[in-house]
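Quick notes on the structure that follows.
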Amino acid sequence: MTNPAPTTTTAPPAGVDALIEAVLAGEHGPLPSGLTATSVFWIHHGTRLAGGDTTYLNQYVLVRLGGAFGGCAFEAGEIDPAICRDSSGAPLDVLLREAPRPLRIAALDAYLAFRHPHRDSGAEPVTLPAGTPEVRARARDAAIAGLLDIDRGAAVGLIGVVNPLVAAIRERGGAPLPCDFNLRTTQWGDPVTTDMHEVLERADAVVATGMTLSNGSFDTILDRCRTRGIPLVVYAQSGSAVARAFLGAGVTAVSAEPFPFSQFSADPTTLYRYRTAAPA
């Protein structure tokens, strides 16, 4: 099943900064200078799943634009809570041009989701079941791993490590190559490297988190997967509509999870899966 991104009349973007410039120029819809970021807010939370020994600490900055939200994770200390007061009500183009990178990504995500909501885009909706964080995390990560089309034993670079996703890749038949700046081992003792370039050279396929949009590594991952002709799956809470914009232009599939994210509810929620043809 192929779920294409919303069609545009513009060429596929070369990278994130080029996409921002195209949006600012009005190539993807109305000029952002005529739109207002109604609300800018952030969330800081921690999670430790049952049976694990890792506490995940996450910070998100979020932008409300009309009926859409855009979000992006960031590292601790990268931005200050005062940004919510200073940026709420700002013209969207100001955020896209001048804000710290995580807020720029959140604003871009809000704009693209405002133009083409995931629920109306022809994506495959996947309902995550009601239940505990562990039940919902396993269902989410199985849906992500289900976007991999790999041979058994294929090396899968995992850039941004979540333990249930490591397990889901193994269940899919892949051999995870975990990479993360903040973890040193997985729940099962697998070493986690901080050298993304080593993983990109060894992998037969890559699964990357939307956090790579925030820390600036997404363009490097995209370029290397394009050059090597290997599949790139993006699992995105951060920048889910931004990652979608690169489908067929280096990104093979996207698991898009717009705000409110699955970890903030015990009720059924929806993520959206997009696929395109694998690289030749």
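Of VAL234, VAL40, VAL207, which has the largest mean-square fluctuation in a 10 Å C-alpha GNM of the chain? Looking only at VAL234, VAL40, VAL207, the biggest GNM fluctuation is shown by VAL40. Over the C-alpha trace of the chain, radius of gyration and Dmax come out as 17.6, 51 angstrom. Between THR194 and ASP86, full extension at 0.36 nm per residue minus the direct alpha carbon distance yields a gain of 35.4 nm.
Between the helical axis of 218-228 and the longest alpha-carbon principal axis of the chain there is an angle of about 50 degrees.
For helix 101-115, what angle does its Cα long axis make with the longest principal axis of the chain, in degrees from 0 to 90 and rounded to 10? On a 0 to 90 degree scale, this one is about 80. Applying a DSSP loop filter and a limit of 14 other Cβ atoms within 10 Å to the trypsin sites (Lys or Arg not before Pro) in the stretch 236-280 leaves nothing. In this structure the amide hydrogen of GLY66, modeled in the peptide plane, comes within under 5 Å of the amide hydrogens of THR38, none closer than 5 places in sequence on its chain.
All Cα-Cα distances of the stretch 196-266, cut into 10 Å bins from zero to the largest, leave 21, 53, 21, 5, 0 percent in each bin in turn.
Over all Cα pairs of the stretch 136-280, how is the pair count split among 10 Å bins, expressed in % and running from 0 up to the last occupied bin? Bin by bin from 0 Å, the calculated values are 12, 46, 36, 5, 0.
Shown is the FRET efficiency for THR270 and ASN182, computed with R0 = 25 Å from the Cβ-Cβ distance and rounded to the nearest 0.05: 0.35. Full extension of the segment from HIS45 to ARG170, taken as 0.36 nm per residue of separation minus the current Cα-Cα distance, would add 42.2 nm.
Rg then Dmax, both in Å and based on the Cα atoms of the stretch 130-195: 11.8, 37.
Across the chain, the relative contact order, built from alpha-carbon pairs under 8 Å that are at least six residues apart, equals 21 percent.
Mind checking which of ALA37, THR270, SER240 is farthest towards the positive end of the chain's charge dipole, using Cβ charges of +1 (Lys, Arg) and -1 (Asp, Glu) about the Cα centre? Checked the options; the winner is THR270.
Is the stretch 103-220 best put as rounded, prolate or oblate by its Cα gyration tensor, with a ≥ b ≥ c the root eigenvalues, rounded for a/c under 1.5, and otherwise prolate when a/b is larger than b/c, oblate when not? Oblate is the answer for the stretch 103-220, as a/c is 1.5 or above yet b/c matches or exceeds a/b.
Considering only GLY51, GLY239, GLY174, the Gaussian network model of the chain with Cα springs below 10 Å gives its largest mean-square fluctuation to GLY51. The label-point distance for ASP223 and VAL94, in a model that sets each label 7 Å from Cα toward Cβ, rounds to 3.3 nm. Over all projection directions, the Cα-based convex hull of the stretch 14-100 averages an area of 7.4 nm². Taking label points 7 Å from Cα along the Cα-to-Cβ direction, ASP151 and ARG202 give a separation of 1.9 nm. Loop-located trypsin sites (Lys or Arg not before Pro) in the stretch 144-191 (DSSP state not H, G, I, E or B) with no more than 13 neighbouring Cβ atoms inside 10 Å: ARG152, ARG184.
Coordinate-derived values only; no laboratory data. Treat the numbers as computed from the prediction; the structure is a model and nothing was measured. Every residue, glycine among them, receives a Cβ derived from its backbone with ideal geometry; neighbour counts consider all protein chains shown.
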